[in-house]
Amino acid sequence: MKQIEESTMSSGSVNVLLISGRTLGQGRAMEKGKLTSDYEKAVAICELDTTAMEALGIDDGETVVVQTEYGRTIVRAKHDKQLTPGIAFIPCGPYFNLLLDAYTQHTGMPGFKSLSASITAAPGASITSVEELSKILKEGAK
Amino acid sequence: MTEYLVLKNGTVFDPMNGIDGEVMDICISDGKIVEKGPSNAKVIDLKGSAVMPGGVDPHSHIIGSKLNVGRLTSPESNRHYPYPATNKTRSGVAGIIPSSFATGYLYNAMGYTTVIEPALPSVKALGAWEEIEDIPGLDIGLLPMFSNSMISFKYIQDDDLSGLAAYIAWTLKSVGGLGVKVVNPGGTYAWAYGKNVCGLEDAIPEWDITPRMIMTSISNAVAELGLPHQMHFHPTNLGKPGNIETTMQQLDALKVTKAKGKKKQTVHLTHMGFDCLSVVDGGMANWKDVASGGLRFAEYYNKNEHFSTDLGQITFGPSMTMTGDGPFQHSLYQMSGGKAKWSNLPVDVELPGGAGIVPFTFEPKSPANAVQWTGPLEFALSIKDLWRLFLSTDHPNGGPFLKYPLLISWLMSKKQRETWLEMVHKYAIERSTLSEIEREYTLNEIAITTRAAPAKILGMEKTKGHLGIGADADIAVYDFNPEKTDLAKNPDLILKYFTQTKFTFKGGQQVSKKGVVAKHLSSRVHSIHPELNEDLSQRIDRELEEMMGKWFSHSFSNYPVPMRYREHLEMPKIIDSTSVQA
Amino acid sequence: MTEDITIHKDVPCTFCGCLCDDIVVEVDGNHIIKNTNGCAISKERFLGHTENRCQQPTVDGKTTTLEKSIERAVKIIASSKRLLIYGLSSTENDAQREAYRLAELARAVVDNTTSVCHGPTILGAQESGEPTAGLAEVRNRSDLVIYWGANPAAAHPRHIPHYIRQPGEYIHDPKQDRKIWLVDIRATTTSRMADRFFRIEPGTDLDVLQTLRALIRGHKLDVEEVGGVNIVELEEIATAMKSAKYGVLFFGLGLTQSRGRHRNIDAAIRLIQDLNAYTKWNMLPMRGHYNVSGANKTSTWVTGYPYAVDFARGYPRYQPGEYTAVDMLARGEADALLNIAADPVAHFPRASVAHIKKIPVINIDPKINMTSTAAEVNIPAAIAGIECDGAATRMDGLPLYLRKVIEPPKGVIPDRDILRMIINSLKKEMKK
């Protein structure tokens, strides 16, 4: 709690433990098709708890920047009243994976549940579409 | 395409046809043994080679989820045994639980051509058929389990022999089974309650039946149906010192079943080495006091002809125990002080398996293991009628099938036994009569107990286990001359020659030469389809649909194995069970 | 229009590891018009099966014939030194077996989605074994069900309503006589369906599991809380577990993906094994994809190992961390990728994805997905369980036959046939 207040004071951002996983919406949209707007709407989101929303001063659906040691992504905030303070959730998919490192501790499994991230309000920012993301990733690789 | 082949001048051991080391020709046409070959037949000269029918192994765990769990949880058991691909054969691993392709090839290389999977949870049969596609070169059979299924219990509780028989028939047809397996009747079911059963009259949780009722009802139903293979029986109290008493009690209880056909045997007691442990005079039922029950059980066997048996020999070294005896497997885990890797597979109606898997190493210096080792050997060397016995290690429980030649060497060579008696803990000498036994199995007797007898026990003796006219041309040719080789005095040669045949033929086709498998043959599955009369057939469909709908968590219509997985592999034998009352 | 309607009953659904096989599918001519009994995701899968399909094979983004796409695929495979074959969990068993055959021929690595899902569960089982449960047995007997690190409401929607909160032979009132508890780091829809929810601090699963083990063994612990849970509550949990008649632990990616990975699973396994000294307990991983269990099974019987298998030496070798897809790609080790029925570009960390973008990719999938945009060759496949038959394995090991209820789009064939074509072509190519 204290940590969040401090960060609010200093930079208008919130530090969280960022985790990923499935949602019903993500599952349905995935079955529909990965390049659909349904899918983008389902996975380009970050579930935040009430204190985080207040600290960032944003409403449900507003864009935020999520930053980790490894990458940065812009998604829409989704207010989850039940969510525990200090935890944020982005459904599994390309927006989360932009932030994730590939170190698996030699188990094959990356750290989907143990990423430190900071969230900053970014009103009016645009969300890269899944299709554009693919292109960017392709270019970035060259 | 007819393939004519004449194998000339081999020294043949074909006990079913009374041939004991005769030099003779074998003529093959179209995968069968025929009287005479045409003049354009290919000829192979087997002068100076011993020839036997292809080996028949009625009890070896080569298929199924508990096998897969064993492989999956213990990759270390296979890592050091790569089995490379060739341009004709697939790759795999060949440790104590070989992968599917390797299993078929290794058995072929050893001269075996028929192997039966002795414990199938029938609802998982679809998976078994898929695996069989990837096990080459064998004739295979499946034995579904019935002794811990709530459906069996219902019929037994209602004293409804017809219902029970019909359930068995329905299952054999639906999944392509060959016979009936009974494992720790009621005990594996009690494991769903964390319990077990010991005695014949023990209560089974929630049901008004006893182990006695379960085993006798099922053996009666098997006889009533006229199944060619008698009830395959893994008794209660497996692996407990002193269990020779309860095993004999259970066999006595099973005398109530009247044999219907020509065969006198109505039950097959499997892996007697795990079932017939005795204790020293005045001793307690624990491993400290364990003694060999081999001689005592041989006496019982000589006097009581209603059963057949197999050895379940332990061969020392790492093995993987896997049985449908859930409570036994848990007890092994507890014996290890909770250190062993214990896996459990569910038991209930739907997946009536109740298996447990625990890696285990049998140590020569362990007093308990040394005594257990002597039991089946003492037994096999003391009995009179070898036609009711086959050799086994309950692969992979007592040891991998790759160690069959070692077992053969212990039976054929007193010298080999002496060498091993010196290596193992002295209790082997003190707690059994093995060191005093002079008898050595002859090649004929090995041929009986690894070919002829198992074929008869399975009810497959028309085409398997012999080299007479009409038999399948499954033939093992060994690279030694029986007249010039003293195997008993040179037991290392037994290991050498029985591990890899000179040639193995399956259905007249040469699959291996000197251990190199150069042909990948599709396997076949032998099954029994008992035809019930119309009324009983309709009744059982109705009743099973109701019970399965109530107790299972998947649809009744998804139970039977679809023909698309069977038709190209299955060789069903239809038997007339219409006399079973509706 | 109504004359042509066929009703298919007892159709297994091919989305998640529940493999519900009570779906009723109505087909009108060549349209699926209704899915009864399926969850929301299942309905989308069946009713939307024609949406966003890869219609035609493409090479370098241009439409081409199946033969030409196979030709290019074979060229890529034949000239690769370290091919990675990945995916497989969302296709049926026959296709998986063809993949192993291809891997052996091409001396490739073959890995399936287990490595990013329940791979750690397998690693844990390789340490300690696995006392597993069966769904029917749970329904018939269980009086205490604990979900740990799982959110079935999101990933296995019918798990609770269809299998767990249902009466069984010995539990007649699943509300009264069966307790469903959840242990997780955050409240979810599942926690609202459960009878009790215990929130633990992230990364403390191992501590909490070991604490429960100690409590169950009768040790007294000199702490006030572990993992943010009060010791009194932990004692309550331990007592409840010990006095249950038939307990089941369903566990998910909260355990496998958190700090500790397979050690979390190892601890859970040991906990369940310990409990068996007092009463009856089993556990079951919540397998995500409908046939990831099948992929482990087929891989194990064919190669001896469940995933992360390398055929470089002409025989199977196994090593998570070395032959697992995320690692191989992040290290830049694979020089070609054959992806079947998965979407690594969507689901892998960016370093692995960056490498995928550098190497030639062959993508076999029914739908256009993110990996399609990275692939040099895209070959459309029929959807198993809807447009072609096959077999799959439920999370508790039950094999089920998948149905074909409708024809695939014109020219689209099952994965297994595509792989067979590739293998035959590759064999000819290798003889040259």
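No lab work stands behind these numbers, since they all come straight from the coordinates. Not measured: the values here are computed from a predicted model. Don't worry about glycine lacking a Cβ; one is built from the backbone with ideal geometry, like all the others, and counts go over all protein chains shown.
Of the GluC sites (Glu not before Pro) found in region B:334-439, those in coil by DSSP whose Cβ has at most 10 other Cβ atoms within 10 Å are B:438. Using the Cβ-Cβ distance between residue B:206 and residue B:335 with R0 set to 22 Å, the FRET efficiency works out to roughly 0.15.
Can you tell me the dipole magnitude for chain B around its Cα centre, using point charges on the Cβ only (Lys, Arg +1; Asp, Glu -1), in Debye to the nearest 20?
Charge dipole of chain B: 1380 debye, to the nearest 20.
Pairing the Cα long axis of helix C:262-275 with the longest principal axis of chain C, what angle in degrees results, from 0 to 90 and rounded to the nearest 10? Once rounded, one gets 50 degrees. The DSSP beta bridges internal to the protein assembly as shown are antiparallel in roughly 50% of cases.
With a 10 Å Cβ neighbour count serving as the proxy for reagent exposure, in which order, fewest first, do B:207, C:148 appear?
Ordered by Cβ neighbours within 10 Å, fewest first: B:207, C:148.
Under the convention that each Lys and Arg Cβ holds +1 and each Asp and Glu Cβ holds -1, the size of the dipole of the protein assembly as shown around its Cα centre is about 2460 debye. For chain A, the average shadow cast by the Cα convex hull is 9.2 nm², which is a quarter of the hull's surface.
Computed extension length for residue C:177-residue C:68: 33.1 nm, one decimal, from 0.36 nm per residue of separation with the Cα-Cα distance subtracted. Loop only per DSSP, at most 14 neighbouring Cβ atoms within 10 Å: give me the GluC sites (Glu not before Pro) in region A:39-142, ordered by residue number. Those that pass, being in a loop and sparsely packed, are A:69.
Note on residue A:50 and residue C:51: with the Förster distance fixed at 60 Å, the Cβ-Cβ geometry gives a FRET efficiency of about 0.95.
The overall shape of region C:119-285, judged from the alpha-carbon gyration tensor, is rounded, with an a/c ratio under 1.5. Between the Cα long axis of helix A:130-141 and the first principal axis of chain A there is an angle of about 80°, rounded to the nearest 10.
Note on residue B:157 and residue C:417: their simple-model spin labels are 5.0 nm apart, each label 7 Å out from Cα toward Cβ.
Cross-link pairs exceeding 30 Å between alpha carbons, from the set B:47/B:403; B:173/C:410; B:415/B:506; B:181/C:280: B:173/C:410; B:415/B:506.
Considering only Cα atoms, the convex hull volume of chain C works out to 140 Å³ per residue. Site pair residue C:410 and residue C:34 shows an inter-label distance of 3.0 nm when each label is modelled 7 Å from Cα along Cα→Cβ.
Expressed as a whole percent, the proportion of Cα-Cα pairs in region C:322-373 lying more than 15 Å apart is 37%. The equivalent ellipsoid of region B:359-495 has semi-axes of 28, 17, 14 Å, largest first, where each one is the square root of 5 times an eigenvalue of the Cα gyration tensor. For region B:338-430, chymotrypsin sites (Phe, Trp or Tyr not before Pro) meeting the loop criterion (DSSP other than H, G, I, E, B) and having at most 15 other Cβ atoms within 10 Å: none. Per the Debye formula on identical point scatterers at the alpha carbon atoms of chain B, with no solvent, log10 I(q)/I(0) at q = 0.05, 0.08, 0.10, 0.11 Å⁻¹ is -0.19, -0.50, -0.80, -0.99. Expressed in units of 2.2 N^0.38 Å, where N is the residue count, the Cα radius of gyration of the protein assembly as shown is 0.95. Build a GNM of chain C with springs between Cα atoms under 10 Å apart, and of C:100, C:290, C:246 the one that fluctuates most is C:246.
Length gained on full extension, residue B:542 to residue B:45, computed as 0.36 nm times the residue gap minus the Cα-Cα distance: 173.0 nm. A simple spin-label model places the labels of residue C:333 and residue A:136 3.0 nm from each other, with each point 7 Å out along Cα-to-Cβ.
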